[in-house]
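Participant: Okay, here's the structure, questions in a sec.
The values are calculated or read from the model by the stated rules, or taken from the named source; none is laboratory data. Quantities reported herein were computed from a predicted structural model and do not represent experimental measurements. All Cβ positions, even for glycine, are placed from backbone atoms using ideal geometry, and neighbour counts span all protein chains on display.
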Amino acid sequence: MDILSLLLSYLLLYKYVTLALVVYCGAALLPLPSNAMLLAVGAFSSQGYFNFWLSLAICVTANTLGDLTGYAITRHYGERVIKKLKIDKIRFYHQLQEELRVDAIVTVFITRFAGWLGTATNFLAGLVKVPLGTFLLFDILGNFIEPGIALALGRIVGDYWNNFSGIFELITGVFAVGTIIFILIRIQRRIEKKYSA
Amino acid sequence: MKDLPHRAMSETDNNKNHDRLIGYAIITLGAILVALIIFLVFNYRGFRRSAVNIRESSLFAFIHNHSPQTAADVSYVRPWMTFDYINKLFNLPTNYLQTQFMITNSHYPQLTVYSYARSIHEDPARTMSRLDQALQSYLSAAPSSTPQ
């Protein structure tokens, strides 16, 4: 049995508890196939086995809590690790910190749609001390849209959800690449502006 | 005044250091991008396979009524599904599969087909084929799938 089949078994057995745990762990750190599972939950909701709105509410809550866990870990312990590794002595680190803080809103929101990049951003956001309110607001907004799309797609396609999980992963991957390029271009432009001034 | 050449030198060193670090960062990000592109190429194959599957199943088929299923949909049953879910999906009476398979496990219907197969030391593929037959015979006898 592969990991997705195992998760789906637990999903059918323990329903919303499994949904919350998988989404939370997927958002916090573990590389779990959350999107494929959300498509399945959407399909189950079309068959009356799950409640669509309750599933969405659980997804948003669990996702946000998972993201906050990553954010809190680096916010509290990140500085100590950075100092221990003497990364704070590097000028580039401070520049990167500054750039990320300026781009926080755009980065946090966009990376919600970029799979694993979202998890990496949570850690970075905690490290560069993005204000909690800003992080939470754009995190919840992104977390509402992304699982909403997966659940709705699963609900529309029903039994054929499995055919779409590959497409969904592909879109997420394209988004991740696009986001990295977008952020790099923004940083480069800002650096260019600084040097020319 | 004495410090000036020294300061200028350390600034040059700093700039060199800075450029080198930017270089490392760009190399790292480039490596991430290459890894992502490889990932996308592999997914592209999956995507093409999915597109073929969708075409084969036809646009109408996947927007049709999702539940209850008919005898034609028996192939969608998977080992990870629970008996409870299968009962609901095909609108079966709760004890139909329990009687057919003579299941004594107290967890039924909250039991996956895979766990059931393992518990009776049977190959899951064999259990699936028996399940297939049981569903086909029930659904062909009661096409409207009305639970009794």
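The rows are residues; the columns are (1) among the β-branched types (Val, Ile, Thr); (2) within 21 Å of residue A:132 (Cβ to Cβ).
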{"site": "A:15", "(1), (2)": "no, no"}
{"site": "A:44", "(1), (2)": "no, no"}
{"site": "A:47", "(1), (2)": "no, no"}
{"site": "A:55", "(1), (2)": "no, no"}
{"site": "A:64", "(1), (2)": "yes, yes"}
{"site": "A:71", "(1), (2)": "no, yes"}
{"site": "A:76", "(1), (2)": "no, yes"}
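Participant: Mind checking whether some residue in region A:151-158 is modelled with pLDDT of 75 or more and of a type in the set (Lys, Arg)?
Facilitator: Within region A:151-158, the first condition is being modelled with pLDDT of 75 or more, and the residues that meet it are A:151-157.
Still in the running and of a type in the set (Lys, Arg): A:155.
Checking region A:151-158: at least one residue is modelled with pLDDT of 75 or more and of a type in the set (Lys, Arg).
Participant: Now, a different point. Which of the numbered conditions does residue A:49 fail, given that it passes all the others? Conditions: (1) loosely packed, with under 15 Cβ neighbours inside 10 Å; (2) without any contact (Cβ under 8 Å) to a residue 60 or more places away in the chain.
Facilitator: Only one criterion is unmet by residue A:49, namely (1).
Participant: For the list (1) within 14 Å of another protein chain (Cβ to nearest Cβ); (2) free of Cβ contacts under 8 Å to residues at least 40 places away in the same chain, I need the number of the one condition that residue A:101 fails.
Facilitator: In the conditions (1) within 14 Å of another protein chain (Cβ to nearest Cβ); (2) free of Cβ contacts under 8 Å to residues at least 40 places away in the same chain, residue A:101 misses (1) alone.
Participant: Still on this structure: Can you tell me which of (1) buried (at least 21 other Cβ atoms within 10 Å of the Cβ); (2) within 14 Å of chain B (Cβ to nearest Cβ) is the one residue A:146 doesn't meet?
Facilitator: (2)
Participant: So, one more: Given the structure, is residue A:40 touching a residue at least 40 places away in the same chain (Cβ under 8 Å), over 12 Å from the mean Cα position of the chain (by Cα) and part of a helix (DSSP H, G or I)?
Facilitator: Yes: the conditions hold for residue A:40.
Participant: Check whether at least one residue in region B:61-79 is touching a strand residue (DSSP E or B) at 6+ places or on another chain (Cβ under 9 Å) and at pLDDT 80 or above, and report yes or no.
Facilitator: Just the residues of region B:61-79 that are touching a strand residue (DSSP E or B) at 6+ places or on another chain (Cβ under 9 Å), to begin with: B:79.
If we keep only those that are at pLDDT 80 or above as well, we get B:79.
Yes - at least one qualifying residue is present in region B:61-79.
The rows are residues; the columns are (1) in contact with a Gly (Cβ under 9 Å, 6 or more places away or on another chain); (2) of a type in the set (A, V, I, L, M); (3) assigned to a helix (DSSP H, G or I).
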site	(1), (2), (3)
A:12	no, yes, yes
A:15	no, no, yes
A:27	yes, yes, yes
A:50	yes, no, no
A:56	yes, yes, yes
A:60	yes, yes, yes
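Participant: Being within 16 Å of residue A:38 (Cβ to Cβ) and away from every other protein chain (no Cβ under 12 Å), is that true of even one residue in region A:151-164? Step through it out loud before you land on a result.
Facilitator: Taking region A:151-164 first, the residues within 16 Å of residue A:38 (Cβ to Cβ) are A:151-164.
Those still in the list that are away from every other protein chain (no Cβ under 12 Å) too: A:151-152.
So far as region A:151-164 goes, yes, one or more of its residues are within 16 Å of residue A:38 (Cβ to Cβ) and away from every other protein chain (no Cβ under 12 Å).
Participant: Can you give me the number of residues within region B:95-112 that are out of contact with any strand residue (DSSP E or B) (no Cβ under 8 Å at 6 or more places or on another chain), hydroxyl-bearing (Ser, Thr, Tyr) and surrounded by 15 or more Cβ atoms within 10 Å (Cβ to Cβ)?
Facilitator: Restricting attention to region B:95-112, the residues satisfying the condition of being out of contact with any strand residue (DSSP E or B) (no Cβ under 8 Å at 6 or more places or on another chain) are B:95-108.
Filter once more, so that each one left must be hydroxyl-bearing (Ser, Thr, Tyr): B:96, B:99, B:104, B:106, B:108.
Within this subset, residues satisfying the condition of being surrounded by 15 or more Cβ atoms within 10 Å (Cβ to Cβ) are B:96, B:108.
Going through region B:95-112 one residue at a time, the tally reaches 2.
Participant: How many residues are more than 25 Å from the chain's Cα centre (by Cα), of a type outside the set (Phe, Trp, Tyr) and assigned to a helix (DSSP H, G or I) when one looks only at region B:89-132?
Facilitator: The number of residues fulfilling the criteria is 4.
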